[in-house]
């Protein structure tokens with residue numbers, strides 16, 4: 001009987017039991033996990049209901065021909081084929097790329113203003129409020145202000161130049177004029193992000209760099225900007241999304257004209273849905289716009305994470 005007992009040390013025989021006990025969570029840990037899931041559940045439901053479901057529904061609708069009243073007709077990829085053969089689509093895509101390139105000026109301009117405002121000098125709070133003001137204005141108000149600014153008869157631009165230029169009536173100038181108007185509030189938003197990021201800088205690192213002789217551009221490039229990398233990523237993402245979904249200023253200032261020269265994908269999507277009741281075709285435009293945003297932001301996020309490592 002004694003020979004039948006396996007020759008195994010007692011601590012090895014007890015190891016599985018100890019591991020099982022170690023894996024078993026305490027009641028307080030389980031309660032904390034349940035509480036965390038309960039707090040997350042409303043947000044998850046809202047995201048699923050108002051983000052994921054519309055995305056899936058739009059992708060599904062893009063394969064149908066539907067005017068919103070009659071029955072849907074499945075057309076497969078016909079909406080996408082028509083879209084990629086439409087000249088207006090390429091005009092809108094070109095304008096979106098132009099918006100994207102010019103809108104990328106907002107983060108560096110916002111950073112420059114934030115660095116200027118992040119100083120303890122007299123009256124800086126008043127200056128901050130003046131720079132912050134464009135952010136609280138709605139897109140409609142900004143559009144009306146710049147429409148008056150560009151007016152060739154009584155606008156401020158005509159008074160400055162001494163003669164009127166029909167900025168919003170010229171196909172060569174209209175997109176640049178609208179983007180310039182959109183940069184005003186977008187720069188203010190980036191400025192706010194950078195002001196928030198500057199409050200979280202590591203003062204010890206900055207002081208150590210100054211003791212080593214770092215000043216001006218060298219201090220900014222090698223010490224400040226690396227600490228502001230998460231803020232820069234957020235500023236870039238919101239700027240890119242703002243450029244690709246630009247709609248309100250175009251609707252107020254030019255309605256996509258003249259001759260659809262200032263239209264972008266978001267306005268082209270709205271135009272097809274509201275004016276022509278082509279909801280399937282409009283959904284196809286939305287899917288293409290979503291894919292462009294997704295690819296660009298994923299590429300930028302991957303680049304940021306690679307730099308972190």
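Brief remarks on what is shown
- Applying the criterion of at least 1 residues that are more than 23 Å from residue 269 (Cα to Cα) and modelled with pLDDT of 90 or more to the helices (runs of 4 or more DSSP H) found wholly in region 1-86 leaves 27-47.
Residue-wise test of (1) in a helix (DSSP H, G or I); (2) surrounded by fewer than 14 Cβ atoms within 10 Å (Cβ to Cβ); (3) not assigned by TED's automatic domain parsing to the domain that holds residue 284.
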position: 89; (1), (2), (3): yes, no, no
position: 92; (1), (2), (3): yes, no, no
position: 95; (1), (2), (3): yes, no, no
position: 102; (1), (2), (3): yes, no, no
position: 110; (1), (2), (3): yes, no, no
position: 119; (1), (2), (3): no, yes, no
position: 126; (1), (2), (3): yes, yes, no
position: 130; (1), (2), (3): yes, yes, no
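- Number of the condition not met by residue 257 [criteria: (1) at pLDDT 90 or above; (2) within 21 Å of residue 169 (Cα to Cα)]: (1)
- Any hit, region 268-278, residues being in the same structural domain as residue 170 (by TED's automatic domain parsing) and over 28 Å from residue 84 (Cβ atoms): no
- Single condition residue 152 does not satisfy, out of (1) in a helix (DSSP H, G or I); (2) closer than 27 Å to residue 255 by Cβ: (1)
- Only one of the listed residues (149, 180) is more than 24 Å from residue 233 (Cα to Cα) and at pLDDT 90 or above. That residue is 149.
- Hey, residue 176 touching a residue at least 40 places away in the same chain (Cβ under 8 Å) and within 21 Å of residue 263 (Cβ to Cβ) or not: yes
- Residue within region 215-235 that is surrounded by fewer than 16 Cβ atoms within 10 Å (Cβ to Cβ) and outside any helix (DSSP H, G or I) present: yes
The values are calculated or read from the model by the stated rules, or taken from the named source; none is laboratory data. None of the values given here were measured: they were computed from a predicted structure. Cβ coordinates were reconstructed from backbone atoms using ideal geometry, including for glycine residues, and neighbour counts include every protein chain displayed.
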